[in-house]
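Engineer: Before anything else, here's the structure in question.
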Amino acid sequence: MQVRIKNCGLMTKADVHTATTHHASFIGLVHYAPSPRHLPLDGCAQLANAAPANVARVIVTVNPNDALLQDIARTPELTHVQVHGVSDAARLYSIAALSQKKLIVGVSVASAEDVVLAHTLEEMADHLLLDSKSEGHGGSGASFDWQLLKDTQFQKPWFLAGGLHAGNVAQALAITLAPMVDVSSGIEEAPGKKSAEKIAAFHAAVLSTRP
């Protein structure tokens with residue numbers, strides 16, 4: 001099965017066009033003020049509207065409050081909400097209900113215990129996203145030990161994230177057999193500034209790994 005790709009932290013319509021032209025199945029739009037990739041909600045909606053209808057449009061959040069989730073529910077251009085910093089099952093159910101979007105649950109991985117946590121959270125999620133631990137909740141350019149995921153199977157579709165780039169993604173996929181990958185800093189010239197050449201190289205590297 002061909003690996004599906006999510007390009008995260010896109011900030012311009014040109015980014016969206018490049019990502020989707022190179023067969024991104026998901027685009028990620030960050031709504032988290034401390035991030036260099038932060039966009040206001042209306043900016044996320046505008047970029048989501050620039051994507052083809054068959055591309056999933058994800059708003060990336062950290063421990064979102066109810067008011068934000070209700071605003072997201074009123075933003076039809078978005079199809080998914082991605083959540084970091086939440087591991088309480090009841091809260092995850094509430095986030096999905098309030099946002100009225102499909103839910104991607106981000107799990108920071110540094111040990112086998114974190115993989116166990118991911119298994120417990122997948123019941124609440126439409127997708128899991130397994131990322132390296134960082135203060136900024138992603139986009140750090142650091143990877144985790146992919147061997148932690150060797151021979152691990154999840155019931156829900158999941159993304160491998162964290163420090164992926166064109167030069168290492170084939171190895172990461174060979175070890176983890178991830179069905180989907182998420183990339184942000186690995187396709188950038190600088191934090192928040194995407195590179196069309198790096199996007200093209202990353203996608204080519206991913207799409208050449210499986211027929």
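The values are calculated or read from the model by the stated rules, or taken from the named source; none is laboratory data. These numbers were taken from a predicted model, which means no experiment stands behind them. Positions of Cβ are backbone-derived with ideal geometry, glycine not excepted, and every protein chain shown enters the neighbour counts.
Engineer: Based on what the data block shows, is R37 touching a residue at least 40 places away in the same chain (Cβ under 8 Å) and of a type outside the set (S, T, N, Q)? Steps first, please.
Structural biologist: On the way: touching a residue at least 40 places away in the same chain (Cβ under 8 Å): yes; of a type outside the set (S, T, N, Q): yes.
It is true that R37 is touching a residue at least 40 places away in the same chain (Cβ under 8 Å) and of a type outside the set (S, T, N, Q).
Engineer: Would you check which residues across the stretch 1-60 are among the basic types (K, R) and surrounded by fewer than 22 Cβ atoms within 10 Å (Cβ to Cβ) and list them? Break it down stepwise before answering.
Structural biologist: Initial filter on the stretch 1-60 (among the basic types (K, R)): 4, 6, 13, 37, 57.
Of everything in the stretch 1-60, those that are among the basic types (K, R) and surrounded by fewer than 22 Cβ atoms within 10 Å (Cβ to Cβ) turn out to be R4, K13.
Engineer: Also, I was wondering about something else. How about the stretch 64-77: which of its residues are in contact with a helix residue (DSSP H, G or I) (Cβ under 9 Å, 6 or more places away or on another chain) and either more than 24 Å from D88 (Cα to Cα) or part of a loop (DSSP other than H, G, I, E, B) (or both)?
Structural biologist: Initial filter on the stretch 64-77 (in contact with a helix residue (DSSP H, G or I) (Cβ under 9 Å, 6 or more places away or on another chain)): 64, 66, 68-73, 75-77.
Listed by number, the residues that qualify are P64, T75, P76, E77.
Engineer: Would you mind telling me which numbered condition in (1) more than 18 Å from I27 (Cβ to Cβ); (2) in a helix (DSSP H, G or I); (3) not β-branched (V, I, T) A178 fails?
Structural biologist: Unmet condition: (2).
Engineer: Something else about it: Need pairs with beta-carbon distance below 7 Å; first residue among the small types (G, A, S) and within the stretch 71-94, second surrounded by 17 or more Cβ atoms within 10 Å (Cβ to Cβ); sequence gap 6+ or separate chains.
Structural biologist: From residues that are among the small types (G, A, S), the pairs are A73/L98; A73/S99; G85/V62; G85/H137; S87/L121; A89/M124.
Engineer: Of all residues in the stretch 186-202, how many are surrounded by fewer than 24 Cβ atoms within 10 Å (Cβ to Cβ) and either assigned to a helix (DSSP H, G or I) or not basic (K, R) (or both)?
Structural biologist: The qualifying residues number 11.
Engineer: Hey, another quick one. For the stretch 144-154, which positions are at pLDDT below 95 and either under 14 Å from the mean Cα position of the chain (by Cα) or farther than 30 Å from K194 by Cα (or both)?
Structural biologist: Across the stretch 144-154, the qualifying residues are K150, D151, T152, Q153.
Engineer: Could you check L164 against (1) in contact with a Phe, Trp or Tyr (Cβ under 8 Å, 6 or more places away or on another chain); (2) under 20 Å from H23 (Cβ atoms); (3) not in a loop (DSSP other than H, G, I, E, B) and say which number it fails?
Structural biologist: For L164, the exception is condition (3).
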